[in-house]
Amino acid sequence: MPTEISGRNYDVSPKIRDLITSKLSKVEERLFDDVIDVRVVLDVQKYRNICEIIIVGKDHDVKAVQESEDSMQDAINAAIDHVKRQAQKNRNKIRDHRNGGRAKGAGKTTIDEWAVQVFEPGRFREEADQSRRRIIKTSNLPIRPMSIEHAALLLDDSKNEFIVFRDLDTDKVSVIYKRKDSNLGLISPEF
């Protein structure tokens, strides 16, 4: 894939162009299945040398912006190292997702639904002890994966006081609820 290299306040020399092309071609071969577009922008602002690399791939995109006060070559090397780490991390996520999460969390079980069991009040308490609270309703709650922002929007439109969901960022079951001061609260348990 041809690499688009441009400079802002910087004249891109053939030596720098060859350095970028050779290093990025190695990264593309090892960490990307199908590269759609590669853009590199080299920028000089006062004493800062900035290298921005954007790789758009079929499965994932990677962007890195690094700067150096010493030289443009240092900024390029730092940006390429950052691209490598990001691409490797994204590649592992894709591989784990395709394997059904067996690579890291092989022993994990996921909770898809919570059920609350209702018992007869007299079964556990004396008849004289009616002042205690008791469970009077059972509900099965589907736990859907969503972001915290999406859950907050659903809660605003809902008549319920809370929503149970699986947080997309942490993959943990969380509860967002309406507070008495008209704000929202979030409960994220640690398992």
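The values are calculated or read from the model by the stated rules, or taken from the named source; none is laboratory data. None of these values were measured; they are calculated from a predicted model. Because the Cβ atoms are built from the backbone with ideal geometry, glycine has one as well, and the counts that use them run over all protein chains shown.
Observations, loosely collected:
- Within the range 154-170, the residues that satisfy the criterion of being exposed (fewer than 14 other Cβ atoms within 10 Å of the Cβ) and in contact (Cβ under 8 Å) with a residue 12 or more places away in the chain are GLU161, LEU168, ASP169, THR170.
- Count - residues of the range 26-50 that are closer than 18 Å to VAL83 by Cα and touching a residue at least 12 places away in the same chain (Cβ under 8 Å): 17
- Within the range 17-51, tally of residues that are surrounded by 13 or more Cβ atoms within 10 Å (Cβ to Cβ) and either hydrophobic (A, V, I, L, M, F, W, C) or under 18 Å from ASN90 (Cβ atoms) (or both): 17
- The range 30-53: number of residues that are under 24 Å from the mean Cα position of the chain (by Cα) and β-branched (Val, Ile, Thr): 4
- Looking at ALA151, ALA106, just one residue is modelled with pLDDT of 70 or more and either surrounded by 11 or more Cβ atoms within 10 Å (Cβ to Cβ) or assigned to a loop (DSSP other than H, G, I, E, B) (or both), and that residue is ALA151.
- Some residue of the range 140-147 being surrounded by 15 or more Cβ atoms within 10 Å (Cβ to Cβ) and modelled with pLDDT of 85 or more: yes
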